[in-house]
1. Find the residue count for the range 13-26, including only residues that are surrounded by 15 or more Cβ atoms within 10 Å (Cβ to Cβ) and within 14 Å of D55 (Cα to Cα).
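The values are calculated or read from the model by the stated rules, or taken from the named source; none is laboratory data. All values reported here derive from a predicted model rather than from experimental measurement. Counting neighbours? That spans all protein chains shown, and the Cβs are built from the backbone with ideal geometry, glycine included.
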Amino acid sequence: MQVIDRTISIEDLLQQFPAAVRILLERGLPCYACGEPVWGTLEEVAIEKGLTNHDIEELVLVLNESKLQKVTE
């Protein structure tokens with residue numbers, strides 16, 4: 001089951017899956033936790049940083065396959 005998709009906001013992604021920071025950084029994507037203010041969806045930020053549609057699909061796959069632990073409220 002896919003939990004994360006390209007339309008998730010960066011803020012929601014990092015609130016729900018804090019360990020995603022490492023994966024984002026490995027792909028050159030900034031994040032809130034790194035001190036760089038970022039607004040928008042995963043897809044929007046990835047496109048801004050030059051990732052292709054294929055790269056974004058791969059990133060979503062990696063995020064979902066990495067079995068990130070979801071923070072529950």
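1. 2
Residue-by-condition table, conditions (1) more than 10 Å from I10 (Cα to Cα); (2) at pLDDT below 90; (3) within 11 Å of the chain's Cα centre (by Cα); (4) among the aliphatic types (A, V, I, L, M):
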site: I23; (1), (2), (3), (4): yes, no, yes, yes
site: P30; (1), (2), (3), (4): no, yes, yes, no
site: T41; (1), (2), (3), (4): no, no, yes, no
site: I47; (1), (2), (3), (4): yes, no, no, yes
site: G50; (1), (2), (3), (4): yes, no, no, no
site: D55; (1), (2), (3), (4): yes, no, no, no
site: L61; (1), (2), (3), (4): yes, no, yes, yes
site: K67; (1), (2), (3), (4): yes, yes, no, no
